[in-house]
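Structure first, then comments.
The values are calculated or read from the model by the stated rules, or taken from the named source; none is laboratory data. Keep in mind it's a predicted model, so treat the numbers as computed, not measured. Reconstructed Cβ throughout: ideal geometry from the backbone, glycine too, with neighbour counts over all protein chains shown.
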Amino acid sequence: MSQVDGLLIDIDGVLSVSWVATAAHLRRHHPGAKCLLLNSGDLSEDMEGIDLVDHAYNGVVDVVVVGGAGLNFTHVELNRAFGHLLDGATFVAMHRNLCWRTASGMELDTGAYVAALEEASGLTPVVHGKPSEDFFATGVAELGLTANRVAMVGGDIENDVLAAQRCGLRGVLVRTGKFRPQALDRASGRPDHVVDSFAEVPELID
């Protein structure tokens, strides 16, 4: 794999690029909006200048933002988000990953909850993480490179690798994390490279 000067590497399911792209979208298209954020962890620093509210907020919510899944994705919080969507809130999601591997094994990720809210509300979310073109464009721009000089490395063949390849990046599928052989067999395309571990990636770009 020649002429690759930068890497986007996904190990845990969400890259910071997702937050950057989502925050930029909210500032540009929803300035001053009340944004209900469902996310595992504190993103207040990444969302500086955005009016974030939690599920206990009783006023009008303009935008529902679904971030990284975690233990706080309770029925109460998801149902509150669903209610705001029915009341007219815009639907924004950071990514569509369906699952990820944790120390306890495979767990549902954001995409599973996004799909449920999408089906129940009848609304299609604006997605700024994988597999959206905005996600990869933002990542490439942060590296200061062109797409053909960047490789996306990850264990999700559709959302990591093939989505990146459609955007002009090189794709490297790693057989670790949430990789499953059957996913490769039924994938919509073939990755540029397949490796057994992240340790093999530097050999591809030397």
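One table, with the values for the structure above:
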{"read-out": "Positions within the range 49-82 being of a type in the set (Asp, Glu) and modelled with pLDDT under 90, in sequence order", "value": "Asp54"}
{"read-out": "Residues of the range 83-102 satisfying the condition of being surrounded by fewer than 17 Cβ atoms within 10 Å (Cβ to Cβ) and at pLDDT 95 or above", "value": "Gly83, Leu86, Asp87, Gly88"}
{"read-out": "Which listed residue, of Glu119, Glu142, is more than 23 Å from Leu26 (Cβ to Cβ) and either part of a helix (DSSP H, G or I) or in contact (Cβ under 8 Å) with a residue 60 or more places away in the chain (or both)", "value": "Glu119"}
{"read-out": "Selection status of Leu85, in a strand (DSSP E or B), assigned by TED's automatic domain parsing to the domain that holds Tyr113 and of a type outside the set (Ser, Thr, Tyr)", "value": "no"}
{"read-out": "Leading residue by the ranking (farthest from Asp160 (Cα to Cα)) among those in the range 99-116 that are in a strand (DSSP E or B) and not polar (S, T, N, Q)", "value": "Gly105"}
{"read-out": "Identity of the residue in the range 121-153, of a type in the set (Asp, Glu) and under 13 Å from the mean Cα position of the chain (by Cα), that ends up surrounded by the most Cβ atoms within 10 Å (Cβ to Cβ)", "value": "Asp134"}
{"read-out": "Residue in the range 172-190 that is touching a residue at least 40 places away in the same chain (Cβ under 8 Å), more than 20 Å from Val66 (Cα to Cα), in a helix (DSSP H, G or I) and not assigned by TED's automatic domain parsing to the domain that holds Gly70 present", "value": "no"}
{"read-out": "The range 55-82: number of residues that are surrounded by fewer than 20 Cβ atoms within 10 Å (Cβ to Cβ) and free of Cβ contacts under 8 Å to residues at least 40 places away in the same chain", "value": "16"}
{"read-out": "One residue from Asn79, Asn58 being more than 19 Å from His95 (Cβ to Cβ) and assigned to a helix (DSSP H, G or I)", "value": "Asn79"}
